[in-house]
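K.L.:
Quick one: the structure is below, and I'll ask about it shortly.
The values are calculated or read from the model by the stated rules, or taken from the named source; none is laboratory data. Small disclaimer: the values here were computed from a predicted structure and weren't measured. Quick reminder, even Gly has a Cβ in these numbers, built from the backbone with ideal geometry, and neighbours come from all protein chains shown.
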Amino acid sequence: MNVTQLSIFLENKPGHLQNALKVLSDKKINILTLTIAEAADFGIVRMIVTDAAGAAAALRDQHFTCSTTDVLAIEIEDVPGALLKALESFRKQNLNIEYMYAFTEKRGGRAVMIFRFDDIELAKKALQTEGYNILKKIDIIGA
């Protein structure tokens with residue numbers, strides 16, 4: 001099973017992020033990692049949480065615009081040049097990265113990166129061919 005990412009579309013105004021995080025807190029949903037992409041007026045908060053479906057339902061109940069998306073969590077060595085090597089492998093396999101961000105925890109001394117590819121199944125096959133360990137939901141969430 002792929003890792004599911006929660007994305008929340010927020011107006012770029014004071015308090016809006018806190019309001020969304022309060023919804024997650026009230027539902028006892030833990031944030032494992034996140035990134036924010038912003039424009040002048042709006043931002044997209046992308047995060048891996050312990051219960052993406054529950055988080056999306058709770059946020060929608062409170063009139064937040066959000067969605068869930070499958071992403072790939074990939075282990076790479078935690079050494080200089082490891083990300084560059086991975087990106088070269090992706091290019092060799094003709095994989096287009098829509099976006100990426102780092103996971104906050106390491107696994108056995110290895111870094112974990114989150115990637116969104118335009119074709120996730122093709123990316124999964126290509127990365128396995130290249131020898132990358134693609135983590136499953138249970139590896140990230142722990143349940």
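K.L.:
Looking at region 52-137, what strands (runs of 3 or more DSSP E) fall wholly within it and have at least 1 residues that are of a type in the set (Gly, Ala, Ser) and at pLDDT 95 or above?
P.N.:
Working: elements: 65-77, 97-102, 110-117, 133-135.
In region 52-137, 65-77 are the strands (runs of 3 or more DSSP E) which contain 1 or more residues that are of a type in the set (Gly, Ala, Ser) and at pLDDT 95 or above.
K.L.:
Let me ask you something else. Could you please find all residues in region 7-29 being modelled with pLDDT of 95 or more, farther than 18 Å from residue 70 by Cβ and among the polar types (S, T, N, Q)?
P.N.:
Those that are modelled with pLDDT of 95 or more, farther than 18 Å from residue 70 by Cβ and among the polar types (S, T, N, Q): 18, 19, 25.
K.L.:
Could you list all residues from region 39-51 that are closer than 23 Å to residue 114 by Cβ, over 16 Å from the mean Cα position of the chain (by Cα) and of a type outside the set (A, V, I, L, M, F, W, C)?
P.N.:
Keep residues of region 39-51 that are closer than 23 Å to residue 114 by Cβ, which gives 39, 42-51.
Next, only the ones that are over 16 Å from the mean Cα position of the chain (by Cα) stay: 39, 42.
Hits for region 39-51: nothing passes.
K.L.:
Go through (1) assigned to a strand (DSSP E or B); (2) loosely packed, with under 12 Cβ neighbours inside 10 Å and name the single condition residue 10 misses.
P.N.:
Result: residue 10 passes all but (2).
One line per residue, one yes/no per condition, for (1) over 13 Å from residue 4 (Cβ atoms); (2) exposed (fewer than 13 other Cβ atoms within 10 Å of the Cβ); (3) free of Cβ contacts under 8 Å to residues at least 60 places away in the same chain:
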position	(1), (2), (3)
32	no, no, no
37	yes, yes, no
45	yes, no, yes
58	yes, no, yes
84	yes, yes, yes
90	yes, no, yes
